[in-house]
Amino acid sequence: MIIYLAMRSFRYLLLGLILLFSSSVSAQNYHIKGTIIDKVQRETLPFCNIFIPQLKEGFVANEDGEFSITLTKKVDSITFSYLGYQPYILRFPVPQNEDLVIEMEEISNELEQVVIVAPRRRQRDSTAWRIYRNVVDNKPLNKPTAHNFFEYEEYDKMVGSFYNFSPKLLNRKLIRPFRFVLENYDTTSDGRLFIPLILKEEITHHYYQKKPEKTKKITVSQKISGVEQAQISNLMNIALDNMDAYSNELLISGKSFMLPFADGAWFKYRFYVIDSTENDDCEWVYHIGFSPAIKGELAFLGEAWIHEPTYAIQKIQLKLDKDVNFNWVNDFSAEQEFTYIDKKHWVITKDRRTSGISMTQRKKSKMVHLEQVKLYSKFRIDEEIADSIFSSKRLYAENYRKMPDDYWEENRHEPLTRSQSNVYFLIDSLKTTKAYKRYMNFGRTLITGFYKAGPVDIGSLYSIFSFNPIEGIRPKLTIRSNRDMSEKFWYMFYGAYGTKDKRFKYGGELRYRIPNENLLFNEVGLSYKDDYQRFTLANAGSNDHDYILNALLRKNGFDDLVYVKDFRIYNNKEWNSTFTTTINAHYKQYQTIPGVMEFTSTKPDGTKEIVSKFKMFNPEFILEITPGANFIRTESKRILLKSKMPRITLNYNFSKKGILGSDFNFQSLGLRIQQRLPSPIGKTRYVLTANKLFGEIPYPLLYIHQGNENFLFDYKRFSNMREGEFAADQEISLLLEHNFEGFFFNKIPLVKKLKLREVFLFKMAYSSLDKTKTAYLDLPPTLKGLNGFYSEIGFGVDNILKMLQVQCSWRLTQKDHPDANNFVIKFWVSPNF
């Protein structure tokens with residue numbers, strides 16, 4: 001899903017993804033690199049100190065003893081020093097861009113003093129562990145939320161770049177139309193070339209009140225390069241999630257990494273003191289390092305500077321361990337800096353995160369590189385904030401997307417680089433080229449299935465041809481509008497024909513998006529459908545039967561189709577980021593197709609008659625609550641990206657006999673709770689549902705437990721249950737999946753190199769069916785009430801070749817049911833992080 005969203009929102013990055021060729025470095029600087037090792041043991045020396053006397057500059061090697069330095073001036077020597085080792089002086093000249101090996105010798109008399117054999121628990125009494133404990137103990141005093149009132153301005157800059165770019169590509173025929181963009185490349189300090197392709201700047205004002213707790217964020221100004229929608233910022237926030245150095249975890253692409261100063265981090269990290277110095281106020285500042293206690297754990301490598309009098313974090317730097325079980329992400333780093341204001345308050349002043357998405361974890365691999373820099377200023381602490389600020393509904397300043405260039409020159413907190421300052425003009429110019437439009441349309445067609453023909457889309461590629469037992473071969477054509485026609489209005493209509501039932505089907509939808517000052521989702525619309533639908537999957541919202549993959553990846557054909565004429569009027573409204581409502585008014589007519597599919601009813605005397613059709617007017621109210629949610633909006637729908645709290649959906653619908661010709665009296669209540677729970681040992685997701693029907697209803701309106709006869713795994717459906725096997729008028733079900741993210745596999749020699757991940761599944765349902773409520777129509781012979789308990793358990797192996805998941809599932813109950821699937825194997829293809 002993440003890859004799909006990335007491709008959709010980074011459409012203008014397709015040019016960069018075409019350029020995955022060999023890179024070359026073109027710079028005049030002198031670049032040296034290498035590894036520092038113990039001369040005898042041949043083991044690397046982490047965090048070795050490196051000093052250039054002539055420049056009076058110092059560096060620190062990484063946790064693997066590796067270093068990379070770009071010199072802009074001539075020097076005579078570089079000194080390497082490490083506790084317990086003889087200093088090593090590297091004298092020039094030395095080979096450029098070759099891997100040097102710096103062999104350092106131990107000092108024998110110091111070696112006898114520092115080698116100590118002791119139980120691991122004593123390490124917690126060392127200076128490093130004492131510092132860790134004091135930082136954790138003083139969290140409540142040093143976090144910004146310790147203040148009664150807190151106000152500040154935030155400058156947020158996001159940059160999306162294509163890294164390790166080769167200038168040789170400028171002369172290739174395929175990319176000559178884009179040469180003017182590619183010439184805007186820049187060079188990193190270690191000699192790597194990159195091209196900024198996305199730039200987003202935003203200035204916001206933040207307000208916080210402790211008691212009662214209130215927060216408010218007002219976007220003052222925003223500027224995005226070459227992007228029609230602000231969805232790009234939501235997508236980049238997925239890869240660069242907000243970080244709090246004092247919190248217990250940091251989510252990176254859905255994975256939970258324990259932070260070094262989390263409560264209980266002592267079992268995940270090793271701490272050690274690198275240095276200690278006095279600041280200008282004669283206060284001690286400790287420089288400490290940390291690394292995962294076990295290789296491959298979801299923890300960080302890094303360093304922190306701790307202010308001793310307050311035990312506050314003054315600066316912290318994080319990066320990923322190369323052995324962590326993580327796909328596609330390369331060069332991730334995070335850094336935060338804090339300032340002590342008036343010797344009273346610690347505030348964050350800088351927050352920087354980077355993440356590279358690439359096929360491999362090699363430093364020279366081609367990657368889409370994301371960088372976010374947040375700078376904070378204009379602090380007001382413990383000064384009362386007016387209630388009118390929190391009560392105001394406005395979230396965006398007027399004309400916040402239309403600020404002139406001189407405004408940005410004056411108000412951005414740091415100047416743009418040369419290459420960044422060109423992005424706005426170059427990307428907007430790129431979008432006008434014929435080559436860009438041609439490539440983007442091709443990529444868009446593959447992703448969405450629709451071909452863009454000016455203001456309309458034609459498709460869908462994935463449903464233009466399908467087949468099923470009732471219709472035979474089903475060709476279908478869909479036409480819909482896009483944003484080139486209107487950002488407020490959207491329409492769609494389709495037509496389909498069955499070669500077996502000789503029947504023409506059609507449908508359409510018209511939608512109007514109501515504009516508002518806070519960009520909240522609010523739309524009204526109407527739709528009509530004269531077509532078949534699958535009644536067994538209607539509750540799951542996935543009743544489409546004409547996707548070609550649904551026909552190809554099944555053991556059996558569809559036997560759950562009913563014919564429906566459905567007219568609907570609706571309103572979807574987002575009241576705030578947490579609370580949304582949907583109001584639907586359906587007028588439906590279910591009808592029999594003689595000789596194809598028929599409704600029958602058994603009379604008290606045992607005779608059967610055909611029910612040609614029945615009608616229903618069915619208002620529906622849906623309430624959805626998703627605290628702390630982050631969504632991305634496409635042209636036709638809103639997709640949930642992440643939420644740390646449960647997503648709760650309440651549903652109520654009813655029908656009153658006689659109103660608009662309705663044939664039934666019934667009411668229906670539904671509850672769904674779903675959530676993803678990250679943890680240090682993987683991630684859990686669950687779906688809990690409960691439904692209750694009142695009154696008499698025909699069987700297509702029952703709650704049908706969601707089975708799966710597809711070869712592909714579907715988390716929200718029962719793997720060992722047939723589609724349309726069990727029905728209910730009241731039910732409760734739980735679907736639970738836990739992915740251990742390789743917690744066990746990572747500890748098995750050799751196996752850990754495969755970076756496999758173990759998955760546990762448990763699914764259960766408890767329901768009943770009162771047949772007196774379904775007397776209007778006879779149940780199909782394959783559809784029965786569960787009237788009891790159903791469960792299944794499964795185990796899977798994920799991340800096979802970084803793309804494939806294999807699931808084995810066993811049915812635990814109802815095993816003697818006809819045609820029961822007591823054991824199944826299903827697959828799922830999904831590139832994930």
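Some notes on this structure:
- Dipole of the range 421-479 computed with +1 at Lys/Arg Cβ and -1 at Asp/Glu Cβ about the Cα centre; of Gly443, Ile458, Gly472, farthest Cα towards the positive end is Gly443.
- For the chain, the residue among Thr684, Ile800, Asn618 whose Cα projects farthest onto the positive side of the dipole built from Cβ charges is Asn618.
- Simple label model, 7 Å out from Cα along Cβ direction - Ser612 to Ile548, nm: 3.9 nm
- Rounded to the nearest 20 debye, dipole of the range 468-593 from Cβ charges on Lys, Arg, Asp, Glu: 320 debye
- Length released on extending from Phe59 to Asn516, taking residue separation times 0.36 nm less the Cα-Cα span: 159.3 nm
- Packing-based ranking, highest mean first, of 346-355, 441-450, 86-95 given that Cβ atoms within 10 Å are counted: 346-355, 441-450, 86-95
- Highest-first arrangement of 461-468, 156-163, where packing means the average Cβ count within 10 Å: 156-163, 461-468
- With the simple model of a label 7 Å out from the Cα in the direction of the Cβ, Phe267 to Ser388 spans 5.3 nm.
- Per-atom-type breakdown for the chain gives carbon and sulfur 57% of the accessible area (1.4 Å probe, protein chains only).
- Solvent-accessible heavy-atom area per residue, rounded to whole Å², over the chain at 1.4 Å: 48 Å²
- Between Lys402 and Ser421, the simple label model (points 7 Å from Cα in the Cβ direction) yields a spacing of 2.7 nm.
- Stokes-Einstein D for the chain, Kirkwood Rh over Cα pairs, 10 °C, 1.306 mPa s (µm²/s): 51 µm²/s
- Between the residues Asn739, Leu769, Asn138, the greatest Cα displacement towards the positive end of the dipole of the chain, with unit charges on the Cβ of Lys, Arg, Asp and Glu, is found for Leu769.
- Net dipole in debye of the chain [+1 Lys, Arg Cβ; -1 Asp, Glu Cβ; about Cα centre; nearest 20]: 2600 debye
- When the C-alpha to C-alpha distance is required to be over 25 Å, the pairs from Lys157/Lys268; Lys33/Lys74; Lys505/Lys615; Lys747/Lys802 that qualify are Lys157/Lys268.
- Net charge dipole, the range 341-480: roughly 960 debye, given to the nearest 20, about the Cα centre with Cβ charges of +1 for Lys and Arg and -1 for Asp and Glu.
- Summary of packing: across the peptides 135-143, 251-259, the per-residue average of other C-beta atoms within 10 Å ranks them, highest first, as 251-259, 135-143.
The values are calculated or read from the model by the stated rules, or taken from the named source; none is laboratory data. These numbers were taken from a predicted model, which means no experiment stands behind them. Positions of Cβ are backbone-derived with ideal geometry, glycine not excepted, and every protein chain shown enters the neighbour counts. Areas reflect the complete protein model, heavy atoms only, side chains present, ligands, DNA and RNA absent. Shrake-Rupley method; radii C 1.70, N 1.55, O 1.52, S 1.80 Å.
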